[in-house]
Amino acid sequence: AFWTYRSRRMQKKLRKIANHDELTGVFNRRCFNELAKSALSYYTTTNQQLSLILFDLDNFKQINDQYGHHIGDWVLKTALYTCKNLSRKNDIIGRFGGEEFTILLPGCDQKKARELANKYRKAINRISTEETGLDFQISASFGVYSSNENNKLVDTDLETIIQFADKAMYFSKENGRNKVSVYGIDLV
């Protein structure tokens, strides 16, 4: 019984390591994509609303270069902890790479997705860096893609949806950073 318990515990630990980003604790890209494709299939079939947020920490490379990777790691963990605390129970958060993150919002329309993205943006911008002993500002640029008013996704391919959100995010970056842009409203 002891070895069975220990083996199951080890399997659970290995699954967590395989599916989660070690630094931030959110889903890694591979696991996020699997969960997002499954949710996308379900929400498309049932004609329910779905949104995706893609965000990137502004000037993150400068923070890493100026203050070191340990401060950069602190910024990543703190920003994600802040977002996780504000997210809804069924939202799926993943680290897409580097300082870029995705949040899939099942059952969420465009208006609510913009509100949530702005809530995340403001919370990240309010993070105090006092505990690091340094004084610098943290901000993020957000891109949002949502199903339309009729609950239909224009495209049901995850990669395309991510590209639309990515275009909206880069629109935010190109227009001053620390902004939220929605694909289909702010840009097409």
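Considering the chain at the alpha-carbon level, its Rg and Dmax are found to be 17.6, 61 Å. List the relative contact order of the chain as a percent without decimals, with contacts defined as Cα pairs under 8 Å and 6+ residues apart. Contact order relative to length: 25 percent. Only one residue of 123, 172, 26 has its Cα farthest out toward the positive end of the dipole of the chain, where Lys and Arg carry +1 and Asp and Glu -1 on Cβ, and that residue is 26. Multiplying the residue separation of residue 126 and residue 174 by 0.36 nm and subtracting their alpha-carbon distance yields 15.1 nm. Look at the dipole of the chain built from charges on Cβ: of 136, 163, 74, the Cα furthest out on the positive end belongs to 74. Which pairs in the list 89/179; 111/167; 61/111; 89/119; 122/179; 122/173 are over 20 Å apart, alpha-carbon to alpha-carbon? Too far apart for the 20 Å limit: 89/179; 61/111.
Within the chain, which complete DSSP H helices have Cα atoms spanning at least 15 Å along the helix axis and a mean Kyte-Doolittle hydropathy of -0.5 or higher?
69-86, 158-174
Summary of the geometry: the stretch 24-69 and the stretch 98-131, compared by the centres of their Cα atoms, lie 11 Å apart.
Note on the chain: with charges restricted to the Cβ of Lys and Arg (+1) and Asp and Glu (-1), its dipole about the Cα centre is near 960 debye.
Whole number in Å², please: accessible area per residue of the stretch 48-163, 1.4 Å probe, ligands, DNA and RNA not counted. Could you put the intermediate results ahead of the total?
Details: 5410 Å² over 116 residues.
Value returned for the stretch 48-163: 47 Å² of accessible area per residue.
Of the residues 111, 77, 122, which exhibits the maximal mean-square fluctuation in a Gaussian network model of the chain defined by a 10 Å Cα contact cut-off? With Cα springs under 10 Å in the chain, the top fluctuation among 111, 77, 122 is at 111.
The values are calculated or read from the model by the stated rules, or taken from the named source; none is laboratory data. As the structure is a computational prediction, the values presented were derived from the model and not from experiment. Neighbour counts run over all protein chains shown; Cβ positions are idealised from the backbone, glycine included. These area figures cover heavy atoms from the full protein model, side chains too; ligands, DNA and RNA do not enter into them. Shrake-Rupley method; radii C 1.70, N 1.55, O 1.52, S 1.80 Å.
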